[in-house]
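Note sheet for the following structure.
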Amino acid sequence: MSTTQLTFTAPIGVEVKGETWSCVEIPGSADFLGTGRSVRVDATVDDVRLENVGAMPTGAGGHMVSLSAKVRRALGKDVGDDVRVTVTRR
């Protein structure tokens, strides 16, 4: 695994147990992160930097990063809006 960064565009909102969570799903995350378990990553969402955040399992084989209400306010975006994300393995 020589690549340490993954950049993608995705909507805010991940279906988990019948509810939509304010998270962004990381495409191909199990291969990129090398595990299906929770891991710590750094992420940049549009222009907002998130350091040492948890990439949590989605329950469907992938990972997601949660975007708090504070982060969504800083972005000026909410569930359903697309964001540009760069995830860096720690």
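Read the figures in this text as sums done on the coordinates, not as results from a lab. The model shown is predicted, which means the values in this text are computed figures rather than measured ones. Using ideal geometry, Cβ is built from the backbone for each residue, glycine included, and neighbour counts are taken over all protein chains shown.
In table form, for the structure just shown:
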| quantity | calculated |
| --- | --- |
| Dipole in debye (nearest 20) - the chain, about Cα centre, beta carbon charges: Lys, Arg +1; Asp, Glu -1 | 320 debye |
| Relative contact order [Cα under 8 Å, 6+ residues apart], the chain, whole percent | 40 percent |
| Gap separating the Cα centres of the stretch 4-18 and the stretch 52-90, nearest whole Å | 6 Å |
| Distribution of pairwise C-alpha distances over the chain, 5 Å bins, in % | 3, 15, 29, 27, 17, 7, 1, 0 |
| Length gained when the stretch Thr3-Asp31 is fully extended (0.36 nm per residue, less Cα-Cα span) | 9.0 nm |
| Neighbour net charge for Ala69 - beta-carbon separation under 13 angstrom, K R +1, D E -1 | +3 |
